[in-house]
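Quick notes on the structure that follows.
The numbers here are math on the coordinates, done by the rules we state, and not lab data. Predicted, not measured: the structure shown is a model, and the values here were computed from it. Every residue, glycine among them, receives a Cβ derived from its backbone with ideal geometry; neighbour counts consider all protein chains shown.
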Amino acid sequence: MTLPLLKVDSLTKLFPVQRGLFRKPVEFVHAVDGISFEIGSGQSLGLVGESGCGKSTTGRMLTRLMDATSGQILLADNGSPVDVAHITRDGMRTFRRRVQMIFQDPYESMNPRRTIFDTVAEPLTVQGVGTVTEREEKVADLLRLVGLSPPETFLFRYPHELSGGQRQRIAIARALVIDPSFVVADEPTSMLDVSIRISIMDLMLKLGDEFDVSYLYITHDLAVARYMCDRIAVMYLGKIVELAESEELLSNPLHPYTKALLSAVPVPDPSFKRAPVEIKGGIGKAINPPPLCRFIERCPWATDVCHHNDHPPLEDKGGGHYVACYLV
Amino acid sequence: MTSNGKPLLEVEGLVMHYQTKRGQVSAIEGVTFTLHHGESLGLVGESGCGKTSVAMSLMGLAADNARYLSGQIRLEGENLLALSEDEMRRRRWKSISMVFQGAMNSWNPVYRVGDQIREAMDLHIHPKLSEAAAKGRMARLFEMVGLNPAMLVRFPHEFSGGMRQRAVIAMALSCDPKLIIADEPTTALDVIVQDQILKELKKIQDQLGMALIYISHDIAVIAEVTDTIGVMYAGKLVEYGSTLEVFHRPRHPYAYLLLSSTPSITGPRRKLAPLEGEPPNLLDPPSGCRFHPRCPFVTDQCRTEDPPFIDIAPGHKVACWNWQQVPVTIGASA
């Protein structure tokens, strides 16, 4: 394998729980709890899990919209890796050229008072790329690439004049206009209708190839992750519990949580019979969790080993299939 | 699952427009279907296709600017559209009840959940149940939906999202309805919770033998809970038939494309066929067939003439001029 584009090591984010105005916080929500993974150049990793598992927090830390509590994010930059957590103010501008984000809600992620041209050209303006004419050409090219043509009919319109699908195309154009090498996409299709969804996903795949972009694709939908990503990581309460090639993960899930998640996904075929979902209770608490496997309360197979040890490490069980479980 | 005898619900040629400042929104355009006791029907379609408008019409809860231009909704032979607001209120919850999409918003935050269910029962069950009978009934309802009856004295904010949705189902069942309409009841929930709610709903439906109309944009969920399916597009029912038949041999191009553009975790990884374009503006719907601007099988006839909703096999109806051109698929995941 080539040198990874992005290397994340023991990344952690704790949110203090305030009790009273002046009291020191003693409790912390362990939103992301020491996760490590790598993404190669041009590769895509799907981050899957239920609400509150820490997948969006991870995405926000990778784009420096949020600072990590501890851990390291290394982004390869012409050979010498850059530590994302310690980028200086000047370095931030270069960083933003390389890392971009696509948000979930196309209605909230755009300034309603700016035209489509202003929205898409903003990264270029901020970075001072090219002359005005060059920027205009670049924006028009991008609009054509994301399927909004002829671009002249869109350039000077406002977001409210466009449908959700069209706005998400604008969001993709805005993220790619600066030629980034890494894009975090946080549920970019979950608010769109099914018939629109596939064309947006296809667009992201096509442009990802063309621009040689790596994606971190955050979603709650395993079927979408399978369609979009080379590899899938499953998160549960701030931990990555399993990480493998997409097809391997779906056909040979090893972690009990992944198994439960997979058997709970409805299948669009009335003659398909799903395996029973083997899981107990509801999601555990993320505030000061005990030093045990995070999944222990819901695991139907937990044994003594699980009850007497810390959360299991994420280990390679062969062929790049990583699992964090003592029983595998 | 269909029983003999008279159908429970007949919707016939229903046409409903919303009167807005910008003109008439043609929300429901000639929808016709029949539902028998104990049957479960799924209504699928994208946002704005009219599925929730149909549900609200059945409940007599459509917005004030809704105008019924023609058609009937007959519940056990009685036309609901001809009833007064007062008569309709007496049938709501008792004959037809509904589980709404946002479980968060279905409850009044300042009253205990048990008291709110009790209120619905007191209003609709005559003669009124005694204190003890009502409590016993509520406890049984909670057990049925998998909640601890001790939760009845709790406030809505003390329930998790999944528990709240279970409690909404308990409330919908409280007056022994013949028909329950579930409008995207699990859309806001995580998959594992969704799976539990769907199982509960199916189990209860089998136990009590009531009819169910399940509305969702998610065809995978529809595939799991329904016997019959109606596919809606831009205010029209474009295909109707047994869930098995429609999933394995969709005959309307929209149904076909919807099924082939749904990603799945089973079956071989495949390229999905995107549906080009976007749904039409219902203030000014396209001429002829409403799907024609997006349809790959479009002919000149489709642009001018609206296709009739015809039987192509027993119990399988399609509104398309060229349904024979639609390729045969074997299962959505094949």
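With contacts taken as Cα pairs under 8 Å and at least 6 residues apart, region A:1-154 reaches a relative contact order of 18 percent. The loop-placed chymotrypsin sites (Phe, Trp or Tyr not before Pro) in region A:1-57, going by DSSP, that have at most 14 neighbouring Cβ atoms within 10 Å of their Cβ come out as A:Phe22. Neighbour counting of Cβ atoms within 10 Å sorts the residues B:Lys135, B:Lys236, fewest neighbours leading, into B:Lys135, B:Lys236.
Each Cα pair under 8 Å and six or more residues apart adds its separation to the average, and for chain A the resulting relative contact order is 20 percent. Comparing Cα centroids, region A:1-51 and region B:73-147 end up 45 angstrom apart. Annotation for region A:57-71 versus region A:189-258: alpha-carbon center distance of 20 Å. From the square roots a ≥ b ≥ c of the eigenvalues of the alpha-carbon gyration tensor of region A:111-162, which class results: rounded (a/c under 1.5), prolate (a/b over b/c), or oblate? Since a/c reaches 1.5 but b/c is at least a/b, the shape of region A:111-162 is classed as oblate.
Once backbone amide H atoms are built at 1.01 Å from N, B:Val99 has B:Ile181, B:Ala182, B:Asp183 as its partners under 5 Å, excluding neighbours fewer than 5 places away on the same chain.
Computed on region A:184-279, with alpha-carbon pairs under 8 angstrom and 6+ residues apart, the relative contact order is 18 percent. Pairwise over distinct Cα atoms, reciprocal of the mean inverse distance: report the Kirkwood radius of region A:172-328 in Å, one decimal place. For region A:172-328, inverting the mean 1/r across all distinct Cα pairs yields 17.5 Å. The mean count of C-beta atoms from other chains within 10 Å of the C-beta of residues in A:254-266, rounded to a whole number, is 4.
Straight-distance candidates among the lysines for linking to B:Lys202, with alpha-carbon spacing under 16 Å and chain neighbours fewer than 8 residues away dropped: A:Lys273, B:Lys178. With a ≥ b ≥ c the root eigenvalues of the C-alpha gyration tensor of region A:175-245, is it rounded (a/c under 1.5), prolate (a/b larger than b/c) or oblate? Note, shape of region A:175-245 comes out oblate. With a 10 Å cut-off around each Cβ of B:255-261, the average count of Cβ atoms from other chains is 3.
When chain A is treated as a GNM with alpha-carbon contacts under 10 Å, the residue of A:Leu203, A:Leu65, A:Leu262 showing the greatest mean-square fluctuation is A:Leu65.
Rounded to the nearest Hz, the phi-derived 3J(HN,Hα) couplings of region B:7-22 under the Karplus curve 6.51 cos²θ - 1.76 cosθ + 1.60 (θ = phi - 60°) are x, 6, 9, 10, 10, 10, x, 5, 10, 9, 10, 9, 8, 10, 4, 8, where x marks glycine and proline. Checking the a/c ratio against 1.5 first, then a/b against b/c, what shape does the Cα gyration tensor give for the protein assembly as shown? Note, shape of the protein assembly as shown comes out oblate. Between helix B:131-144 and chain B there is an angle of about 40 degrees, using the helix long axis and the longest principal axis of the Cα atoms. Couplings 3J(HN,Hα) for region A:306-322, derived from phi with the Karplus relation 6.51 cos²θ - 1.76 cosθ + 1.60 (θ = phi - 60°), are 5, 7, 10, 10, 5, 3, x, x, 7, 10, 6, 9, x, x, x, 9, 9 Hz, where x marks Gly and Pro. Inter-chain Cβ neighbour count for B:264-276, averaged per residue, equals 6 (cutoff 10 Å, partner chain atoms only).
In order along region B:238-248, the phi-based Karplus estimate (6.51 cos²θ - 1.76 cosθ + 1.60, θ = phi - 60°) of 3J(HN,Hα) comes to 9, 8, 8, x, 5, 4, 4, 4, 5, 6, 8 Hz; Gly and Pro are listed as x.
Centre-to-centre separation between the Cα atoms of region A:98-173 and those of region B:248-262: 33 Å.
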